[in-house]
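Read the figures in this text as sums done on the coordinates, not as results from a lab. Because the structure is a prediction, the values reported are computed rather than measured. Cβ placement follows ideal geometry from the backbone for every residue including glycine, while neighbour counts extend to all protein chains displayed.
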Amino acid sequence: MSFELVAAVDLGSNSFRLQVGRVVGDQIYPLDSLKESVRLAAGITPDKRLDADSQLRAVSTLRRFGERLRGFDPGAVRAVGTNALRLARNSGEFLVRAKAALGFPIEVIAGREEARLIYVGVSHTLPDPEKQQLVVDIGGGSTEFIIGRSFEPLALESLYMGCVGFSLRYFRPGRFDRSSFREAELAARRELETIAAQYRSLGWERAVGSSGSAKAIADMIELNGLGGPGISRDGLERLVAHLARVGDLGRADISGLRADRVPVIPGGLAIMSAVFGVLGIEVMEFSEGALRLGVLYDLLGRYHHHDLRDATVANFMQRYQVDSIHAGRVATTAAALLRQMNPDTAHEAHTDGRFLRWAALMHEIGISVAHNGYHKHSAYILANADMPGFSRMDQARLARIVLGHRGKLGRVLPLDAGSPDWVLILCLRLAVVLHRPRHDEVLPAMELRTTGRGFHCGIEEEWLANASLTAAALADEVRQWDTVGRELRVRSLHEKSRALV
């Protein structure tokens, strides 16, 4: 499957952005873009909830983006949410409204995944990406730091400091003064000390800034005759002095400072100054590449069957010393059962099929922690680890399927009754039961389908008569599915009216 046009939606903590690109071979050429200042992070209440006004601004913006995306194939659009949605306790409720307004699913990505995607975007805009570079992206709610070479990141970090949060916390609205700046810069320096030694040790040949804060700072330095092009240490110091003399940013005519950037530039400038000071940067260039471009290239990689998620799964299997032969057996059988339930999953790009395979390959990673209750450990790792390529919602889905692959099904009861994950859990549970001996035996012929009240499983009676442990496990499956209000009937494949367990 391939698309001529692809689109990325970045639900940032300060601004929402839409980028449409045209795919030509392995390259994406920007075609159209929209940006609106939403300041989602400014709408987070002290109890970590998005307030009604910020939600209204966001939904209205997404509705307009949805108009531009009308007619796009669902597979050609990827929307991601960042720090404000990671932080907000009611982001789940908001995302229901947001998806309805946009017309496409929205993923909330982890901080390091955001950093990775930013680097992908920036590296595709550099004329010589083979240099080792430091990329700094000051967002509304977090700042991402990446060291990479060519198109591969070597270090990824996301720190909880952003231009919206710092401007609200340390500065009066629209005002800039030395005392507030010093306090904000000191707070940013404290955050940076947690990564400074590692980053200085890795080193870089070039420093690059991306996104709105870096662009605004570079523009102000150059357009006000304070230095440039790009951002220098001397230019930063001159800009700070210039803004301190101005004081009231809302009333002054400052070249390069747009009205929508006035409320957040003080915090962004304080963070940038701290970055230069702690990491010892003298000069930083600006790149137009950012999260949304990285999302587009990541999407392109998935079309070309270079899905980073496959590499992540392989890495996790190696890291947690998974029995890959057994995991492969389980994955193959689970996929075969799913194809009976949904023939469309035979296509290798089908989302449900891919998630079932990933879950099957990683269902035993928790054994590295403890064998007893290993499925709980597996689910915890999948829900909380940094998994490049996977959004937080992807990880939650994997964790849910893996948690449900054995033991009490009641643990996944919050799952919606109509969710396709029930079918994936059934297929994985049956595959694990059938491969319990952990060797290459010939499996019986089976039939699996849905019924009005649950599921029907037909199996060879003679084979099951010689597999008493499997028969007992299937009998337990019948009882488990009954506890969640679903019927599982296990019958003779040839005499479907006769129950076997």
Review point. Is the shape of the stretch 9-136 best called rounded, prolate or oblate, per the rule: a/c under 1.5 gives rounded, else a/b larger than b/c gives prolate, else oblate, with a ≥ b ≥ c the square roots of the Cα gyration tensor eigenvalues?
Key: oblate
Review point. Radius of gyration and Dmax for the stretch 127-214's Cα atoms, expressed in Å?
Key: 14.5, 43
Exercise for review: Please sort by residue number the GluC sites (Glu not before Pro) in the stretch 213-316 whose DSSP state is loop and whose Cβ has at most 15 other Cβ atoms within 10 Å.
Suggested key: Glu282, Glu288
Revision key, fill the gap. Where a ≥ b ≥ c are root eigenvalues of the Cα gyration tensor, a/c under 1.5 meaning rounded, otherwise prolate if a/b exceeds b/c and oblate otherwise, the stretch 126-287 counts as prolate
Check your understanding: Quick one: net charge of His405's neighbours, Cβ under 12 Å, K/R +1, D/E -1?
Key -> +3
**Study point:** Convex hull per residue volume in Å³, alpha carbons only, for the chain
**Key:** 159
Practice item. In Å³ and rounded to a whole number, note down the convex hull volume per residue for the Cα atoms of the stretch 383-496. Key: 126
**Study point:** Where labels lie 7 Å past Cα in the beta-carbon direction, separation of Ser255 and Asn90 in nm
**Key:** 4.5
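For the stretch 126-287, what is the charge dipole size about the Cα centre, in debye to the nearest 20, if Lys and Arg each add +1 at the Cβ and Asp and Glu each add -1 at the Cβ? List each step's numbers first, then the result.
Numbers: 18 positive and 21 negative charges, 111 e Å.
Result for the stretch 126-287 is approximately 540 debye, rounded to the nearest 20.
What is the Cα radius of gyration of the stretch 203-315 over 2.2 N^0.38 Å, N being its residue count?
Numbers: Rg = 17.7 Å, N = 113, 2.2 N^0.38 = 13.3 Å.
This ratio for the stretch 203-315 stands at 1.33.
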Point to revise | Segment Asn372-Ser33, extension gain: residue separation times 0.36 nm, minus the distance between their alpha carbons | key: 116.9 nm
Study note, to complete from the structure: Summing -39500 (n - 2.57) over every DSSP H run of at least 4 in the chain, dividing by its residue total and rounding to the nearest 500, the 222 nm mean residue ellipticity is -15000 deg cm²/dmol
Check your understanding: What's the local net charge at Asn315, with K and R +1, D and E -1, over the other residues with C-beta under 12 Å away?
Key -> 0
Exercise for review: Provide, for the chain, the number of lysine pairs with alpha carbons under 29 Å apart, each pair being eight or more places apart or on different chains.
Suggested key: 8
Exercise for review: Scan the stretch 51-112 for trypsin sites (Lys or Arg not before Pro) in coil per DSSP, keeping those whose Cβ has at most 13 other Cβ atoms within 10 Å, and list them by number.
Suggested key: Arg70, Arg89
Check your understanding: If you take the beta carbon distance between Asn466 and Arg245 as r and set R0 to 60 Å, what does 1/(1 + (r/R0)^6) give as a FRET efficiency, to the nearest 0.05?
Key -> 0.10
Study note, to complete from the structure: At the level of C-alpha centres, the distance separating the stretch 238-263 and the stretch 392-416, in angstrom, is 51
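Determine the dipole magnitude for the stretch 270-381: charges of +1 sit on the beta-carbon of Lys and Arg, -1 on that of Asp and Glu, nothing else is charged, the reference point is the Cα centre, and the result goes in debye to the nearest 20.
Here the stretch 270-381 has a charge dipole of around 460 debye.
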**Study point:** Where Rh is the Kirkwood radius over Cα pairs, Rg/Rh for the stretch 307-443
**Key:** 0.93
Point to revise | FRET efficiency estimate (nearest 0.05) - Cβ-Cβ, Ile195 to Gln132, R0 25 angstrom | key: 0.95
Check your understanding: For the stretch 403-454, what is the charge dipole size about the Cα centre, in debye to the nearest 20, if Lys and Arg each add +1 at the Cβ and Asp and Glu each add -1 at the Cβ?
Key -> 260
